[in-house]
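For reference, the structure is listed below as structure tokens.
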Amino acid sequence: MRANRSYVALGLIATGIGTWAATHASPSSEQLDAPAVAAGCARQFERAQRVDMESFRDYDAATFRAGHHPDATTVFASGAVRYGVDAVMEALRSHFENREAVWAWTERYRVVDGCKTAFILYETTYDIPSNGYHQRALTGVTYSYHRGKWLAVADTGTLLP
């Protein structure tokens, strides 16, 4: 009899915990209002795009790679195109290895579509002081929200005079 009471007590405790969890669980994204979800994604995007730009500036190849989709595409201002993050990283290898270029950017335009896609247009400069190289370009970067994080999927540069 004592064993039966213990099982009944455990059952009531489990039922109580289950009921509490069901009524106090955090709401799913479907239950939240759309503006709150969009604001959260916009904040997460703000951090992701900043890490993307700063990791390139700071020669952090691992972080830069991690912020790109495996199928990312880059169209360089020269017109050269690289498909896939491996090819993009190979094309940028000298930047990360030589660690001498000075990368600067100013945001000109931004649009974020909830937790789906985002685009930023930057005015950029890329200088290598040791050989006098200077490039000024408009650089557009498209991001996609993939498996809970923002990843760069396309990067396109256009030379400016």
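Determine, yes or no, whether TYR59 is of a type in the set (Phe, Trp, Tyr) and loosely packed, with under 14 Cβ neighbours inside 10 Å. Write out each step before concluding.
On the way: of a type in the set (Phe, Trp, Tyr): yes; loosely packed, with under 14 Cβ neighbours inside 10 Å: no.
Answer is no for this residue.
Anything in the range 66-102 that is touching a helix residue (DSSP H, G or I) at 6+ places or on another chain (Cβ under 9 Å) and of a type in the set (S, T, N, Q)? List them, or say none.
Those that are touching a helix residue (DSSP H, G or I) at 6+ places or on another chain (Cβ under 9 Å) and of a type in the set (S, T, N, Q): THR73, THR74.
So which residues in the range 124-159 are open to solvent by 50 Å² or more (accessible area, probe 1.4 Å) and either over 18 Å from VAL85 (Cβ atoms) or touching a Pro at 6+ places or on another chain (Cβ under 7 Å) (or both), if there are any at all?
PRO129, SER130, ASN131, GLY132, TYR133, HIS134, ARG136, LEU138, THR158, LEU159
Might you check whether a residue that is over 20 Å from PRO70 (Cβ atoms) and of a type in the set (Val, Ile, Thr) occurs anywhere in the range 109-119?
Yes, that holds for at least one residue.
Given the criterion within 18 Å of ALA72 (Cα to Cα), out of contact with any helix residue (DSSP H, G or I) (no Cβ under 6 Å at 6 or more places or on another chain), in a strand (DSSP E or B) and touching a residue at least 24 places away in the same chain (Cβ under 8 Å), identify the matching residue among LEU121, LEU151.
Answer to the check: LEU151.
Hey, any hits in the range 64-87 for a residue that's among the charged types (D, E, K, R), in contact (Cβ under 8 Å) with a residue 60 or more places away in the chain and open to solvent by 70 Å² or more (accessible area, probe 1.4 Å)?
Among the residues of the range 64-87, at least one is among the charged types (D, E, K, R), in contact (Cβ under 8 Å) with a residue 60 or more places away in the chain and open to solvent by 70 Å² or more (accessible area, probe 1.4 Å), which makes the answer yes.
Could we say that ARG99 is open to solvent by 70 Å² or more (accessible area, probe 1.4 Å) and in contact with a Phe, Trp or Tyr (Cβ under 6 Å, 6 or more places away or on another chain) here?
Considered against the rule, which asks whether it is open to solvent by 70 Å² or more (accessible area, probe 1.4 Å) and in contact with a Phe, Trp or Tyr (Cβ under 6 Å, 6 or more places away or on another chain), ARG99 comes out as yes.
Looking only at residues that are within 21 Å of the chain's Cα centre (by Cα) and assigned to a loop (DSSP other than H, G, I, E, B) in the range 80-108, which one is nearest to HIS68 (Cα to Cα)?
Applying the filter and picking the extreme gives GLY84.
Within the range 88-118, count every residue that is in contact with a Cys (Cβ under 9 Å, 6 or more places away or on another chain) and in contact (Cβ under 8 Å) with a residue 40 or more places away in the chain.
4
The values are calculated or read from the model by the stated rules, or taken from the named source; none is laboratory data. Just so it is clear, the structure is predicted and the values come from calculations on it, not from any experiment. Ideal geometry is used to build each Cβ from the backbone, glycine not excepted, and the neighbour counts take in all protein chains shown. Protein only, heavy atoms only, side chains kept; ligands, DNA and RNA dropped before computing areas. Shrake-Rupley method; radii C 1.70, N 1.55, O 1.52, S 1.80 Å.
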